[in-house]
1. Tell me yes or no: at least one residue of the range 468-486 is open to solvent by 30 Å² or more (accessible area, probe 1.4 Å), touching a strand residue (DSSP E or B) at 6+ places or on another chain (Cβ under 6 Å) and farther than 13 Å from GLY454 by Cβ.
2. Can you spot a residue in the range 276-296 that is in a loop (DSSP other than H, G, I, E, B), touching a residue at least 60 places away in the same chain (Cβ under 8 Å) and open to solvent by less than 70 Å² (accessible area, probe 1.4 Å)?
3. Sort through ASN79, ASN86, ASN75 and tell me the only one that's part of a helix (DSSP H, G or I), open to solvent by 90 Å² or more (accessible area, probe 1.4 Å) and among the polar types (S, T, N, Q).
4. Just to be sure I understand, how many residues within the range 380-417 are open to solvent by 50 Å² or more (accessible area, probe 1.4 Å), free of Cβ contacts under 8 Å to residues at least 40 places away in the same chain and under 17 Å from PRO355 (Cβ atoms)?
5. Which residue, of LEU343, LEU351, LEU377, LEU364, is open to solvent by less than 10 Å² (accessible area, probe 1.4 Å), of a type outside the set (Val, Ile, Thr), more than 15 Å from ILE320 (Cα to Cα) and out of contact with any strand residue (DSSP E or B) (no Cβ under 9 Å at 6 or more places or on another chain)?
6. Out of all the residues in the range 454-503, which are among the basic types (Lys, Arg) and free of Cβ contacts under 8 Å to residues at least 40 places away in the same chain?
7. So how many residues does the range 475-517 have that are among the hydroxyl-bearing types (Ser, Thr, Tyr), within 18 Å of LEU445 (Cα to Cα) and not in a strand (DSSP E or B)?
8. Go through ILE320, ILE230, ILE242, ILE309 for me and flag whichever is in contact with a Gly (Cβ under 7 Å, 6 or more places away or on another chain) and surrounded by fewer than 21 Cβ atoms within 10 Å (Cβ to Cβ).
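The values are calculated or read from the model by the stated rules, or taken from the named source; none is laboratory data. Since we're looking at a predicted model, the values are computed, not measured. Virtual Cβ from ideal backbone geometry, glycine too; neighbours counted across all protein chains shown. Calculation scope for accessible area: heavy atoms of the full protein, side chains included, ligands and nucleic acids excluded. Shrake-Rupley method; radii C 1.70, N 1.55, O 1.52, S 1.80 Å.
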Amino acid sequence: MELNNDILIIVITAVVSLLVGFLITSTLVKKSIERKSQHIIKDAQAEAEVIKKDKILQAKEKFLQLKAEHEKQINEKNNSINAAENRIKQKENSISQRIEEVQRKQKELTTLKDNLSAQLELVNRKQSDLEKAHKLQVEQLETISGLSAADAKAQIVESLKGEAKVEALAFIKDSMEEAKMTANIEAKKIIIETIQRTATEHSVENSVSVFNIENDEMKGRIIGREGRNIRALEAATGVEIIVDDTPDAILLSGFDPVRREIARLSLHKLVTDGRIHPARIEEVVAKTKKQIEQEIVEIGKRTTIDFGIHGMHHELVRMIGRMKYRSSYGQNLLQHSKEVANLCSTMAAELGLNPKVAKRAGLLHDIGKVPDNEPDLPHAILGMKLAEKFKETADICNAIGSHHDETEMNSLISPIVQACDAISGARPGARREVVEAYIKRLKDLEQLALSYPGVVKTYAIQAGRELRVIVGAEKVTDQEATDLSYELSKKIQTEMTYPGQVKITVIRETRAVSYAK
C-alpha cells in the first residue's frame, strides 16, 4: 500500500515537473521568438529607411535633371526670341532707311518734274515760234514761185515716183539674177555635200548562187537515184539546180533571190544532216521557208531601229525586210532604200527641213516593189496606197507616190526623195537595165501560167528557157494537163518576146497519205 502511494507520488511529481518544464520552455521560446521578431522588424525598418533615402535621392536627381532641361529649353527659346527681335530690329532699320531713300528720291523726282515742266513750256513756246516762221517762209516761197504748197508737193511726189520705179525695177532684176545664181550654187553644194557624206558600196546582184560542198561524192547523193532528189528539190524550191563538172560546187539558178536563199539553206541543212530523200527535202524546205520569213521580219525591225524610225506598222516593217531579197535593176533594193534614206536625211537637214520625216520617206519610197501580190499598178502608186493603208502621214505618202512623177508633188519632202532616188540609182555601176528586164520577163512568164485555173505553182528556170507548171491533181486531169501545156505554148508565142524557145512542163502528181495509229 505504501509502495503504491510512493509510485503515485513519483508519477505526480514527474507530471508536475514536466508541466513546469513545458511552461518554462514555452516562455523561453516565446521570448526568443519575440526577440527575433523585434530584430526582423528593426532590420526591415532600417532597410526601408535606406530604400526611402535612395528613392528620395533619385527623385532629387530626376528633379534636378528635369529642372536643368527645362532651364535649357527656356534659354534656347529666349535665345531664339532674342535673335528674332534682333532680326526684326534690323528689318525695321532697313525699312526706315528705305523709306528715307524713297522720300529723298521722291523729292528729287518732284524737283525734276518741275524742271521738265519748265523746259516743256520753253519747247512749246519755241515750237510755236518755229511754226510761225515756217508758215511765213512757205507763204514767201508760194509768192515767189507762183505755186501753192500742195501743188509743189504733188510735183515732187510724181518725179520721185518715176525715179523710184526705175530704181526698183533695176534692183528687182539684179536681185533675181543674183538669187538664181545663188540658188544654183547652193543646190549644187547641198547635193555634192549630201553625196559625199553618204557613201555606200554597190554590188550588182546576179541570178546564180554557188553552193560549196566538201567532195564530189555528195553530188551523187544530192542527185539521188534516177535524179529523184534533185527533181524534188527543184519542185519544192522553184530553183534550177545545176550539177556539172565544177569541182566542189553546185550552182543554184533562179531570178528570185528568196527562192535561191531557201534552196541554199535547205541544201546546207540536208548535207549537214546527211538524210537526203524527197520526203525529207519537202520537210526541210518548208521549215526553211518559215525561217526565211522570220529572218525577213528581223531584218525589217533591225533596219528601222538602226535608222531610229518608230511607230511603223508591222506589215511595212516586214516589207522592208523583204527588200533584202529583191533587186532593182541589179541593185539590192534594201541597200538602195537605205542609201536613199540617208541621202534624204542629209539633204533635208541642209535645207532646214525635218530629217526624220525625210529619212522615213526615203526608206519607204520603193515599198511598192515588194508587195505580197503584184497588181497592175506602177510601184510608186502601189507604194503610196500601201503607205496610206498603214496610216503613214500625207507628206510621206505623197513623196512615195510622186518620186517618179506619177502624182503631183504637194510637199517639200517629195522632190528631195525624187532627187535622192536619182542620185542613188544614177551612179556608174549601180544598176543594170538588162537584169531588170530579164527578171521582169521571167515574172511575166510565171504570172501568165498562174492565170490558168488549177495551176498551183509556176517556176521559170533555165534563164527563162523552161517553164515548170505544177497543177492540182484534184482539179486538173492528165488530158487537161496536156492541153494546158499546149495552150501555154501558144499563148507565150503570141503574147511574149523571148530568145530561143521555151519548154513548158506541166507536172501533175497524185499522192495518197494515211497514218497508222
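1. Checked against the condition, which is being open to solvent by 30 Å² or more (accessible area, probe 1.4 Å), touching a strand residue (DSSP E or B) at 6+ places or on another chain (Cβ under 6 Å) and farther than 13 Å from GLY454 by Cβ, the range 468-486 yields at least one hit.
2. No, every residue in the range 276-296 fails to be in a loop (DSSP other than H, G, I, E, B), touching a residue at least 60 places away in the same chain (Cβ under 8 Å) and open to solvent by less than 70 Å² (accessible area, probe 1.4 Å).
3. Going through ASN79, ASN86, ASN75 in turn, the sole match is ASN79.
4. Within the range 380-417, residues that are open to solvent by 50 Å² or more (accessible area, probe 1.4 Å), free of Cβ contacts under 8 Å to residues at least 40 places away in the same chain and under 17 Å from PRO355 (Cβ atoms) number 3.
5. That would be LEU343, the only listed residue that is open to solvent by less than 10 Å² (accessible area, probe 1.4 Å), of a type outside the set (Val, Ile, Thr), more than 15 Å from ILE320 (Cα to Cα) and out of contact with any strand residue (DSSP E or B) (no Cβ under 9 Å at 6 or more places or on another chain).
6. Once the filter is applied, which keeps residues that are among the basic types (Lys, Arg) and free of Cβ contacts under 8 Å to residues at least 40 places away in the same chain, the range 454-503 yields ARG465, LYS475, LYS490.
7. 6
8. Values: ILE320 fails: surrounded by fewer than 21 Cβ atoms within 10 Å (Cβ to Cβ); ILE242 fails: in contact with a Gly (Cβ under 7 Å, 6 or more places away or on another chain); ILE309 fails: in contact with a Gly (Cβ under 7 Å, 6 or more places away or on another chain).
It is ILE230.
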